[in-house]
């Protein structure tokens, strides 16, 4: 169900997914909340710790 919720939120991301961020590097999505312009993700970036990022600004690249 979380995956279908992510699809309906428009960002296509899901908890547990690996992503890449230009500043923080590779991380794993822990939590997603909100939708549209207010959507944000809590991501564990290892060396940089856990960060909350606004999805409208963060430019995350999913890692297969």
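If you scan region 21-39, which residues turn out to be at positive phi and assigned to a helix (DSSP H, G or I)?
Of region 21-39, the ones at positive phi are 25, 34, 36.
Across region 21-39, the qualifying residue is only 36.
Here's the yes/no breakdown for (1) surrounded by 11 or more Cβ atoms within 10 Å (Cβ to Cβ); (2) modelled with pLDDT of 95 or more:
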residue: 5; (1), (2): yes, no
residue: 13; (1), (2): yes, no
residue: 19; (1), (2): yes, yes
residue: 25; (1), (2): yes, yes
residue: 41; (1), (2): yes, yes
residue: 44; (1), (2): yes, yes
residue: 54; (1), (2): yes, yes
residue: 64; (1), (2): no, no
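For region 27-39, residues that are within 10 Å of the chain's Cα centre (by Cα), loosely packed, with under 13 Cβ neighbours inside 10 Å and farther than 11 Å from residue 17 by Cα total 1. So which residues in region 46-57 are touching a strand residue (DSSP E or B) at 6+ places or on another chain (Cβ under 9 Å) and either closer than 13 Å to residue 26 by Cα or in a loop (DSSP other than H, G, I, E, B) (or both), if there are any at all? 46, 47, 48, 50, 51, listed by residue number.
The values are calculated or read from the model by the stated rules, or taken from the named source; none is laboratory data. Keep in mind the model is a prediction, meaning the values are calculated, not measured. Using ideal geometry, Cβ is built from the backbone for each residue, glycine included, and neighbour counts are taken over all protein chains shown.
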